[in-house]
Amino acid sequence: MEQNEVMGKVVDILRPFVKNPSALTGISMDTSILKDLKVNSARLVDIVLEIEDAFGIAVTDEAADQVKTVGDAVSLILKTKA
Amino acid sequence: MRRVGNDVVDLEDPAIAQTHLRERFVARVCCESERARVAGSSDPKLLLWSLFAAKEAAFKALSKSGPLVFAHRRFVVAEDLRSVSYLKQVLWLRVDVHGSCVHAVAWTDDEPPIFGVEKLEPGVDASAAARALLIQRLGGGGLTIAREPQPGSWNGYGPPKLFRDGVEVNLDISLSHDGRFVGFAADSSGAEKR
Ligand SMILES: CC(C)(COP(=O)(O)OP(=O)(O)OC[C@H]1O[C@@H](n2cnc3c(N)ncnc32)[C@H](O)[C@@H]1OP(=O)(O)O)[C@@H](O)C(=O)NCCC(=O)NCCS
């Protein structure tokens with residue numbers, strides 16, 4: 001799976017959890033999930049579960065803890081699927 | 001230094017209306033004994049979010065002493081909701097329900113902290129409201145709250161710290177906001193750092 005395709009899917013997963021949709025304009029690999037998208041920690045758990053389902057992977061607590069940006073999520077998915 | 005943490009959850013947030021029924025969410029957040037308690041509870045929604053808030057409060061208190069992986073299920077909440085453990089550390093806990101808001105406060109020492117919850121006025125910024133509530137409870141007078149940049153943290157900033165006339169005060173504090181509520185906890189001892 002290509003990086004762009006994973007990125008697109010990650011953005012689709014994040015979209016319903018982002019309170020202010022304008023935060024998604026200009027979203028990039030550097031966008032911080034907590035700071036820029038203002039996702040709270042309960043929603044982070046939902047996002048991890050949705051990523052597991054969408055990509056058929058298991059995300060450990062340690063791996064989830066390393067995901068701070070959209071790019072971190074994309075890298076984790078590509079690495080786990082490789 | 002005595003550490004405190006707090007967390008509020010707005011039970012009327014539509015996003016969490018059915019979450020207690022989702023086994024995978026419950027399993028990601030709760031250890032096995034907690035899952036059994038949620039499954040057998042007469043109010044599984046209230047119990048799940050009480051446990052969640054307790055774990056968040058404990059994480060906020062303990063993560064100030066050094067980097068900590070936030071794995072909710074490694075924070076184990078006692079059945080009576082009076083303590084929460086992480087590995088060998090045990091924190092005191094209180095969980096209060098105010099209407100449709102759950103507020104959990106966790107602390108590392110015998111003496112309980114001061115704490116509070118307030119409903120957010122529509123249109124008011126939640127971070128600012130939580131800060132204003134805490135400063136008002138501490139008596140105002142030259143107090144400010146700031147978070148210093150902390151590279152590598154989840155949002156680039158460290159935990160909130162209290163300052164009096166620009167000088168850091170040796171009093172641990174914690175802020176929280178969710179939906180229509182804001183909350184705080186603060187160590188009640190209050191000796192100033194020199
Ligand atoms: C600290 C944390 C748990 C806060 O949770 P939240 O539900 O998003 O937000 P809350 O309203 O309860 O708390 C926010 C307040 O916590 C305080 N805070 C932020 N980081 C903190 C930290 N490391 N320690 C203590 N307090 C912290 C801040 O004062 C913040 O308020 P502010 O933004 O107005 O200054 C969250 O920011 C975090 O760092 N999570 C770690 C990653 C994670 O959740 N992993 C699970 C992945 S499944």
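Throughout, read-outs are computed from the coordinates displayed, never taken from laboratory work. Predicted model only: the values in this text are computed from it and were never measured. Cβ: placed from backbone, ideal geometry, glycine included. Neighbour counts: every protein chain shown.
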How many nm is it between the label spots at residue B:127 and residue B:1, if each spot is 7 Å from the Cα in line with the beta carbon? 2.0 nm
Kindly express, to the nearest 10 degrees and within the range 0 to 90, the angle between helix A:41-55's C-alpha long axis and the longest C-alpha principal axis of chain A. 40 degrees
Within the stretch B:90-194, report the GluC sites (Glu not before Pro) that DSSP leaves as loop and that have at most 12 other Cβ atoms within 10 Å. B:192
For the stretch B:127-179 and the stretch A:28-82, what is the centre-to-centre distance using only Cα atoms, to the nearest Å? 28 Å
Rounded to the nearest 500, the 222 nm mean residue ellipticity computed for chain A from DSSP H runs (n ≥ 4, each -39500 (n - 2.57)) alone is -16500 deg cm²/dmol
Could you give the angle, 0 to 90 degrees to the nearest 10, between helix B:126-137's Cα long axis and the longest principal axis of the Cα atoms of chain B? 60 degrees
Cβ-placed point charges (K, R +1; D, E -1), dipole of the stretch A:3-81 about Cα centre in debye, nearest 20: 260 debye
Taking the Cα centre of the protein assembly as shown as origin, work out the dipole magnitude from +1 charges on Lys and Arg Cβ and -1 charges on Asp and Glu Cβ, in debye rounded to 20. 320 debye
Förster-model FRET efficiency, 25 Å R0, residue B:27 and residue B:98, C-beta, rounded to 0.05: 0.30
Take residue B:74 and residue B:41, extend 7 Å from each Cα along the Cα→Cβ direction, and tell me the distance between the two endpoints in nm. 2.3 nm
Looking only at lysines whose Cα falls under 22 Å of residue A:81's and that sit 8 or more positions away or on another chain, we get A:9, A:68
With each run of n ≥ 4 DSSP H residues scored as -39500 (n - 2.57), what mean residue ellipticity at 222 nm is computed for chain B after dividing by its residue count and rounding to the nearest 500 deg cm²/dmol? -7500 deg cm²/dmol
Cβ-based net charge around residue B:45, under 15 Å, with every Lys or Arg adding one and every Asp or Glu removing one: -4
